[in-house]
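The next block holds one structure in the form of structure tokens; read it before the comments.
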Amino acid sequence: MPFHKERPLVVQNDFCILLETRHPDFDEVRAGLMRFADLVKSPDNIHTYRMSSLSLWNAAAAGVTAEEVTDFLERWAKFGVPAAVRQDIRRFIERYGLVRIEKLGEDLLLISEDVDVIKEMVSYKSLRSYGLCQVDTQTLRFSSLHRGMLKQELIKLGYPVEDLAGYSQGESLPIRLKMEDGEEGTFSLRDYQHKAVESFYKEGSLRGGSGVLVLPCGAGKTVIGIAAMGRLGCATLILTSNSTSVRQWKREILEKTDVSEDMVGEYTGALKEVRPITIATYQILTYRKSKDDPFVHMDLFNKRDWGLIVYDEVHLLPAPVFRMTAEIQATRRLGLTATLIREDGREDDVFSLVGPKRYEMPWKDLETKGWIAGVECVELRVPMPDHVRESYETADARQKMRCASVNPLKLDAVDDLLRKHPTEPVLIIGQYLEQLHQIAERTDAPMISGEMAHEKREKLYSAFRSGEIRVLIVSKVANFAVDLPDAAVAVQVSGSFGSRQEEAQRLGRILRPKSGANQAYFYSIVSEDTKEQEFALNRQLFLIEQGYRYRIESMNVTTKRNEEGAAAK
DNA sequence: TAGCTCGAAA
DNA sequence: AATGATTCGAGCTA
């Protein structure tokens, strides 16, 4: 077998791909890999990617062929691509579209040119309850009621169905987008926003009309959603993760379209309006009196003839909403998210019920184009003072994390960082209130936590925005607050177990373009040689996949130790 | 209709 | 596998 020492990839039999991070073509290769593989490990020198059935199916749905994947791997691999892997890639990619759903009158057809596949379907016990009737050797017929459930079941059996049964138009609602520049009839969408809408919906094509658009924080997901609504011109139900976001959607719709206020409804705990454009939280949909009781508000899906359902932050979509979504497969569905990763591993349900990935904008690409700031990511490791180390070692597994997270030496690290960035706006973000209170006391900076009234938060936000306050300390509220102002420096003093989403969300807080060098800084402070350090690694995965690199720094503590010793006496 | 407490969720 | 903080929505009170 030929050996190309200078190439950066090793393709393994187990579907893992190793990428040398120091290779000169690293960026190009990483960008290519992320079309069809997920990053699973990211130590300094070698990143491990893994192809999965789902990552290949998403690629296939985006039109990537098996040849493109294997040619790409072949071009960069040191030892070529093992024949078995090559074969499996082909097998997986060709699975997408091997079975498709089409419409026939009131019923639907499951069609495959491969008669053996149809034979296989008929033999599956788990498919019996969907009442599949054989029409001919290539076709099965079933009731449209089962469209979603069947797709969900089939993906589990390894058949990602291509759904070409089309959609109902829904109640018509002309929506004109307000023009920001002079040209008649155009709306000033950024180039990639336009492409994203195009890849979701193509006029006159059965392909598209449902699916997920993956865009970084700050890429203007709301604008894209609104543009899709304008394109389809129909009654729309928008589901989102919290009530601040509900108001944000409403504000932007009124601002960017000619839709009048009485056409836009909020469906939340406080208000129960059902209007041609309705915005609801996931939480109200999943509300029930107690376990085993029915969902009180789930019929919002049927309260109007929706032509489009927008799932904002689709990676947070709760299980009961999946169930409902399975029943409304004839309605167009648009998922918006910064990451397809779900911490609960239900990515295949997103694929079969909301739709495949239609578009993905890597964060680094936005940075290159100047739409977001460049970020220097640093993992700052601090040692633990001896007495803390002692209680860490003796603590049981559940207390270890907390012990490491609230390491008092982190306070010194925060001081150092504030000295290092004496003029830029700084957000300090953490998970334990006690720790944040300590920092607030030491730095004399205001702190916002969940118990603070929203009115008071607003005041602090605007003081921070205007520069009156330079340092702001925030608890987990930062994960939800859409109106939290942007900063140039984020210091994460603690975070929850391994939440990749949270890390991404927090980094998102400093991405807005900066004047001057357009540079921001993200510091993650962790206790050296602890569980926390391990979890930090997992948290970073998603951002590393997006092309960010963490630089590891250790705090110089000889002087700190002495101070600590002196203070103890 | 605002302000409160409560349980549930992720 | 798991923590702790937070938010939401309902239901009660006045």
FRET efficiency (A:Q134, A:D386; Cβ distance; R0 51 Å; to 0.05) is 0.10
Taking only the alpha-carbon atoms of region A:35-178, the convex hull volume per residue, in cubic angstrom, is 184
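Let me know the whole percent of all Cα-Cα pairs from region A:191-361 that are separated by more than 24 Å.
30
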Within region A:435-569, pairs of Lys residues whose Cα atoms are less than 24 angstrom apart, provided they are eight or more positions apart or on distinct chains, add up to 6
For chain A, the charge dipole (Cβ of Lys, Arg +1; Cβ of Asp, Glu -1; about the Cα centre) points to a positive end, and the Cα of A:A61, A:I510, A:V122 closest to that extreme belongs to A:V122
Whole-percent tail of the Cα-Cα distance distribution for region A:267-415, cut at 21 Å, equals 64
If the chain between A:T21 and A:T368 were fully extended at 0.36 nm per residue, the gain over the current Cα-Cα distance would be 123.0 nm
Here FRET efficiency (C-beta to C-beta, A:E198 to A:R176, R₀ 22 Å, nearest 0.05) is 0.70
Straight-line reach check, A:K156, cutoff 12 Å on alpha carbons, 8 or more apart in-chain or any other chain, hits among aspartates and glutamates -> A:E347, A:D348, A:D349
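Using 0.36 nm times the number of residues separating A:S449 and A:K272, minus their current alpha carbon distance, what extension gain do you get? Don't skip to the answer; put the middle values down first.
Details: separation 177, 0.36 × 177 = 63.72 nm, distance 2.85 nm.
Working it through step by step, the gained length comes to 60.9 nm.
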Helix A:191-200: inclination vs chain A longest Cα principal axis, degrees, rounded to 10, gives 40
Note on chain A: contact order normalised by length, alpha-carbon pairs under 8 Å, 6 or more apart, percent, works out to 13
Contact order relative to length for region A:289-388, counting C-alpha pairs under 8 Å separated by 6 or more residues, stands in percent at 22
Contour minus Cα-Cα span, A:N518 to A:K41, at 0.36 nm per residue, comes to 168.8 nm
With the label point 7 Å along the Cα-to-beta-carbon line of A:E74 and a cut-off under 18 Å to each amide N, the hits in region A:14-40 are A:33
Output for region A:252-352: GluC sites (Glu not before Pro) sitting in coil per DSSP, at most 16 other Cβ within 10 Å, listed by number, reads A:E273, A:E343
If the label point sits 7 Å along Cα→Cβ of A:L254, residues of region A:266-298 with amide N under 19 Å come out as A:266-281
Computed on Cα atoms, the radius of gyration and Dmax of region A:232-314 in angstrom are 12.7, 43
Restricting to Cα pairs under 8 Å and 6 or more apart, the percent relative contact order of region A:191-361 works out to 33
Using alpha carbon positions and the Kirkwood radius, the Rg to Rh ratio of region A:100-163 is 0.90
Placing one equal point scatterer on each C-alpha of region A:321-382 and summing with Debye, one gets log10 I(q)/I(0) at q = 0.12, 0.14, 0.22, 0.24 Å⁻¹ equal to -0.49, -0.61, -0.95, -1.04
The exposure ranking of A:T394, A:T286, fewest beta-carbon neighbours within 10 Å first, is A:T394, A:T286
Filtered hits (lysines, Cα-Cα < 25 Å from A:K202, offset >= 8 within chain) -> A:K103, A:K151, A:K178, A:K221, A:K256, A:K357
One would report the antiparallel percent of DSSP beta bridges in chain A, rounded to the nearest 5, as 35
Expressed in Å to one decimal, the Kirkwood Rh of region A:9-95 from all distinct alpha-carbon pairs is 12.7
Helix A:83-95 sits off the longest principal axis of the Cα atoms of chain A, rounded to the nearest 10 on a 0 to 90 degree scale, by 60
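How big is the charge dipole of region A:1-143 about its Cα centre, in debye rounded to the nearest 20, if each Lys and Arg gets +1 on its Cβ and each Asp and Glu gets -1 on its Cβ?
Numbers: 19 positive and 22 negative charges, 76 e Å.
The dipole of region A:1-143 has a size of about 360 debye.
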With N residues in region A:370-568, Rg(alpha-carbon) / (2.2 N^0.38 Å) equals 1.00
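Quick check on region A:191-361: of the DSSP beta bridges with both residues there, what percent are antiparallel, nearest 5%?
Details: 2 of 27 bridges.
That works out to approximately 5 percent antiparallel.
Hey, how much of the P(r) for chain A falls beyond 30 Å, as a percent of Cα pairs? Mind showing how you got there, number by number?
Working: 92887 of 161596 pairs.
More than 30 Å apart: 57 percent of the Cα pairs in chain A.
Bear in mind that the values in this text are calculations on the coordinates, not laboratory data. Predicted model, so just to flag it, every value in this text is computed and none were measured. Here the Cβ is made from the backbone with ideal geometry for all residues, glycine too, and neighbour counts use every protein chain on show.
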